Structures are given as structure tokens and as C-alpha cells.
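**Q** Before we start, here is the structure in question, set down as C-alpha cells.
The values are calculated or read from the model by the stated rules, or taken from the named source; none is laboratory data. Model, not experiment: these values are computed from the prediction. Using ideal geometry, Cβ is built from the backbone for each residue, glycine included, and neighbour counts are taken over all protein chains shown. Surface accessibility is based on the protein's heavy atoms, side chains included, excluding ligands, DNA and RNA. Shrake-Rupley method; radii C 1.70, N 1.55, O 1.52, S 1.80 Å.
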Amino acid sequence: MLDESATSVAVGHPLDPPSFDEVEKGARLAKKKLGEKAAFCTVRLKEPSKDLLRKFKTGQSFERVLRFDGFDHPDVDQLDGGFDATVNLSTGEVSIDRITKGHAPIGFTDYVSAVTITKADKGWLEAMRKRGIEDVTHVQLDPWPAGGYQHSSIPRDHRANRVIAFVRETATDNGYAHPVQGLIAHVDLTDGRVAHLEDHGVVPIPKEHGRYENHDFDTLQKEPNELQITQPNGPGFTVEGHQIRWQNWCFRVSVHPVNGLVLHELSYEEEGTIRPILHRAALSDMVVPYGDTDPMHRWKHVLDAGEASIGNCVNSLTLGCDCLGEIHYLDHVCVKPDGTARLVERAICIHEEDYGVLWKHHNGHSKNTEVRRSRRLVVSTFHTVGNYEYGFYWYLYLDGTIQMEVKLTGIVGVSAVEDGEERPEFAPLVAPNVASPIHQHLFCFRLDFELDGPENAVYEINTEAEPISEENPDGTAFSARETLLKTELSARRNTDPSKARTWKVVNHKSMNRLGKPVAYRLSPHSAPRLFAREASQVAKRAGFAKHNLWVTPYKESELCAAGDYPHLSEGDGIAHWTDADRSVENTDVVVWHTCGVTHLPRPEDWPVMPVEYTGFTLHPVGFFGRNPAIDLPGHNH
Ligand code: CO
């Protein structure tokens, strides 16, 4: 089942993402004020205030305000980080803020310029000749963010990146199998030149190809038998604009340039009452720090969301490949550098999945067995950021559980190494003469809770062994104790599996039938933290990765954990905001959870790595009075 096109869906709710026509209209209005040289990076909806959303009734008119960012160098006298234009589509009003902290994110314009500039540079061509590459037609160039420290020969207010090279034998070859070792071009994009060429010496280019399409293999293994997933009566969810209803769940969905896939206004209906759970839930930013001391890698720590606009990298999905079953898709609209709109068809995938057994019991006395199947609603997107792919999957279950699963796949970063020269502690071999550096993928999710209302509080729960005492003579006792996290500094917390540590969001004013505050628990899965030292640039720029938990009082401007403009920035975001140590007790709290993987590459990750998973689960803890799926119809009733 394919949705014709989101462009045909009229904007009917203040949270609906910008439509194709709105993006083009907004960009035209912004350009009138910015001039023709403005190059757009991203567009997003300026999300309406919570107050407006709470009062909103279907059919009411509302203002539509979009935010565009980008850069207009070098035509401005005073160089800065670019523009942040707010366009009110309802009134035609445009206001321009200049970005003074950091730069507008890396965009298509930067990539094209960086490649063109590097391929025309005499020094770089000479360095390639030294490596036996005369014809650079098929050489693939990957521009990387310069981090918070572009080369010293590039002025700090210039846009810059670092360009590394891979050799493709043909136009469609997998270049990552043939990395050009030791060579980095530091490109000053503002001046349009290679400002510095870093050359650490020639290492032979690995020879084995890394192609992975079916026609690249002489024989293929047996294909698994056909599997069809059909719902003869259609799917059990309904989609109205960007609002989705399934069983007792209701929410809205959109794609944001930095936050990617966003759930809005997630609620659960119980006995006719709509019970809010999350006002907004999404990635806030992420970072991929490399641990290798190799000068090709040790500066790498891309913030794929904030620097590279992961939302702009959203894939158009294919039925039967990306998604299986009765699928409903929603499109997404981005802005192109020139201000025209780009439609990504089938960007958000919505479907139901059977998930095995939900609950079961065999009554030994009556010989009766009751069993219910678990079903989950899946809302997902996939994003390609350079060599890597990230899938974001929200799952809603019949028992009130909410889960985020990140799927990591794609091609690992690589180095060329000579025979016997590998340093497995930093970069194990994945193929002959190809080593892949150790690295992390750390995702910070922003969970704006609204459990039965905005006033929530957060507890930490630790389970520990009790001392031996009169009550505990055999030393068998252990207990779970709760600690209220009162302020931002005391709420900077880390996981501790030895204490089965979890965190619990509660509403002290909403009691369940046992007289206890309703709650949801954040159960961490794999949740490493940043290994890089405190003094490192990555620790300053991606401070969110230093702790697994942060709690802040809601503030409209605090959506992105590394700040709005981390590109070429020295650091901003949650690690700075929380220095204020604001109170987070019985207020509109926002919970930030950093999870991820520490990736020690293995031969099986080559040439394309099988999906690796991370994420977290939110379990209701007394949010309901009993198992909310106990009354689910069975099949033998
Ligand atoms: Co990885």
C-alpha cells in the first residue's frame, strides 16, 4: 500500500512537517532578504509552543513558521557562521539571525566544492602520482568535517573540511577497498583552495576489491524460501496526515534535519481517556569518535546529526527490500542549496510486526493454556551518511512498552597497511592490507516526557546487596532503592549494570490504583560513554557523550545536544546548559539518554557490515494498574 505523495496531504496540524510548496515559498521569501548567493543547508518547522499545541482544536487556523539555515559567503563583508532565517509563511515576515557560534552544517555545496578544489590542486595531484595514480577520474574523495580544529593555516571563520581519497577501478567500484593512506587535503572552502596538504608517506594501495553486488560473485548461496507477510484485512493502524493511531496508541511523526525521525504527542488511550506519555522523542545528536592514533583517523569525530544533517540524508525506502509486510509510507521534503524543494518519497515506513509471545500461562490444574501474541507497531527511517547507514526504529508494543532500536550498517572506515604492519589494538585487519580503526557511535536521545501532564520528576534506581544483619542472617537480601534527581548536576548519571541501574520518570500528581505515582522506566541497553580524554576536542564538542543520562527543565531552544550549530564549533549544548544546575524536580522535565556501540571491527564487517544494534526501552511502571494487554482477545476463546 503506497501513499500517493505527502505533497497531496494538506497541512492540517501545527506539527505537520513543511510541505513541498511551503519549503519553496519560504526559501523564495528568505532569498529576497538574503540575496541570490544564499546556499541553503536545512529547513525545519519552527515547532509551535506547547501552550498553543495544548489548546489547538482541529479546524482552527494557525501560523506556519519555517527556519532555514545556510551560508552566503564570501559576499558578506564580515565572515560568520552563516544565516539562520525565520520565515513566517502566514505573514510573509522574514527575520535573519547570523550564526555567531559555529557554522551552518555541511551541505551538498561544500562537498562539491571540496572535491573540485582538491582534484584541481597541483600538490595533491603530485601526491597521488607518487602513489602510482596518474588518472584521478575515478578517485573518490570523501570530505570530512574539520572538527573543532581546522588546520592552523585556515582562518577560524572560514568554512573548511578535510578530504581523504579512495581509488575506484571503475565508476561503480567500491572505493573503500582501496584507501589512499597518509594523504589529507585541508580545504579552505571560503577561499576556494587547498590550504595545507598533509602527507605521511606512501603505503601501497590495497589490491583486493570489495564489491558486494550479486553480479560481483561467480556463485551465490541458496536463497531462503519466499516469505510473505500479509494482512488480508489490511493493517490495523490508520494514518491521517502525519497522525498515526494503532490499538490504544496515538502519535504524530516527522523528520527533522538534525533529530531525524521524531515522534510527537505520543499518548495511550485507556478507558476513553487520552493519557500523554511523551511530548516529543527523537535523537538529539550523535558522534562517531575514532580511537586510532593514526593521523588519518585520530581527528575524526563526526557529529552526523548536527554537522552532517542526518535528516537530510534520509533514504527513499523500497517495499520488499527495506520493509516487508503491509506498509504505509510518508514522504519527506528537504531544501536544496538553491532553495528549491527536494521530495524524498517513502521516507518514513510504518507497519505492524508479529513479535512472538506476549504472555502465556498453563494452568496445571485446569490444563488450560492461555497465550497471546505480541504485536508491535514499527515506525522507521534509514539514513546514509557517507560510508555508514543508520536506521532508527521506534517500536510500540501492546503492553505499553516503547522501544528505540538503532541499526548500524554500511562500510567501516579503513586504512591501508603494509604486510605485518597492523596495530590490532587500534585497527584490526578486516581484509588483506585493509585495517579498520576502533571507534564508537554514541547517540543522545532527547525524551520530552509528559506522563499524565507536564510536571514530572526523575528517580534513579539502584539494586544492591543488603548487609548481613538480624533481618538478613544468611546474606541473601538485596533491595532496590530510589533516589530523586533534584537538579541538573546531580542528574548527570552513568549506567551501572552491577547495580541493575535504571531511571524512572514519574508524575507525583497522578496516582495509579495502588496509590503510587504513575511512572515509566528508562532501561538502558548497550550504553558506552566517550573514551576520549576530557581535554580532547571531541569531549568539548560532543559533551553529551560523557554521560548516559542528563535531565533538564524544558526549554524551547534546547533540542540539539551539541547545540544548534556544532559544525566548526568549539562546543556548546547540554554539557554547558546543565552547568546552570537548574531544578528538575516536579517540572516539565526532558530526559536525555546517551547509548551506542564501541565498534571493534572484525573481518565479518567487510565489505559491508551486518546490522549492529543499540537503543533503549521505556517500560511502564505503574503507569497502568495491571498488565494492559491482559484483556487482549485470544485465539481459542
Ligand atoms: Co562502526
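**Q** Which residue is nearest to the ligand (Cβ to nearest atom), if the candidates are limited to the stretch 570-611 and must be out of contact with any Pro (no Cβ under 8 Å at 6 or more places or on another chain) and modelled with pLDDT under 95?
**A** Within the stretch 570-611, the match that is nearest to the ligand (Cβ to nearest atom) is Gly571.
**Q** Still on this structure: Got a number for residues in the stretch 416-458 being within 14 Å of the ligand (Cβ to nearest atom) and closer than 30 Å to Glu265 by Cα?
**A** 3
**Q** Taking the conditions exactly as written (modelled with pLDDT under 95, open to solvent by less than 70 Å² (accessible area, probe 1.4 Å) and under 30 Å from Asp80 (Cα atoms)), does Thr170 satisfy them or not?
**A** Spelling it out, it is not the case that Thr170 is modelled with pLDDT under 95, open to solvent by less than 70 Å² (accessible area, probe 1.4 Å) and under 30 Å from Asp80 (Cα atoms).
**Q** Here is a further query. Take Val621 and tell me if it is in contact with a strand residue (DSSP E or B) (Cβ under 9 Å, 6 or more places away or on another chain), more than 28 Å from Ile106 (Cβ to Cβ), open to solvent by 30 Å² or more (accessible area, probe 1.4 Å) and modelled with pLDDT of 95 or more.
**A** The answer is yes for Val621.
**Q** Still on this model: Inspect the stretch 391-413 for any residue being buried (at least 19 other Cβ atoms within 10 Å of the Cβ), touching a residue at least 24 places away in the same chain (Cβ under 8 Å), closer than 23 Å to Pro603 by Cβ and hydroxyl-bearing (Ser, Thr, Tyr) and give the result as yes or no.
**A** The answer is no, given that none of the residues of the stretch 391-413 is buried (at least 19 other Cβ atoms within 10 Å of the Cβ), touching a residue at least 24 places away in the same chain (Cβ under 8 Å), closer than 23 Å to Pro603 by Cβ and hydroxyl-bearing (Ser, Thr, Tyr).
**Q** If you go through the stretch 392-415, how many residues are away from the ligand (no atom under 11 Å from the Cβ) and not in a strand (DSSP E or B)?
**A** Counting residues in the stretch 392-415 that are away from the ligand (no atom under 11 Å from the Cβ) and not in a strand (DSSP E or B) gives 5.
**Q** Can you work out which of the residues in the stretch 305-334 that are touching a Phe, Trp or Tyr at 6+ places or on another chain (Cβ under 7 Å) and in a loop (DSSP other than H, G, I, E, B) is least open to solvent (accessible area, probe 1.4 Å)?
**A** Taking the candidates together, the pick is Leu317.
**Q** A further question on this structure: Looking at this structure, is Thr614 within 16 Å of the ligand (Cβ to nearest atom), within 20 Å of Arg493 (Cα to Cα), open to solvent by 10 Å² or more (accessible area, probe 1.4 Å) and in a strand (DSSP E or B)?
**A** The answer is no for Thr614.
**Q** Looking at the stretch 331-340, is at least one residue under 25 Å from Ala527 (Cβ atoms), at pLDDT 95 or above and not aliphatic (A, V, I, L, M)?
**A** No, the stretch 331-340 contains no residue that is under 25 Å from Ala527 (Cβ atoms), at pLDDT 95 or above and not aliphatic (A, V, I, L, M).
**Q** Within the stretch 372-387, take every residue that is open to solvent by 10 Å² or more (accessible area, probe 1.4 Å) and not hydrophobic (A, V, I, L, M, F, W, C) and give me the one that is nearest to the ligand (Cβ to nearest atom).
**A** Asn387
**Q** Does Asp142 satisfy being more than 30 Å from Arg28 (Cβ to Cβ), within 28 Å of the chain's Cα centre (by Cα), surrounded by fewer than 22 Cβ atoms within 10 Å (Cβ to Cβ) and of a type in the set (Asp, Glu)?
**A** Yes.
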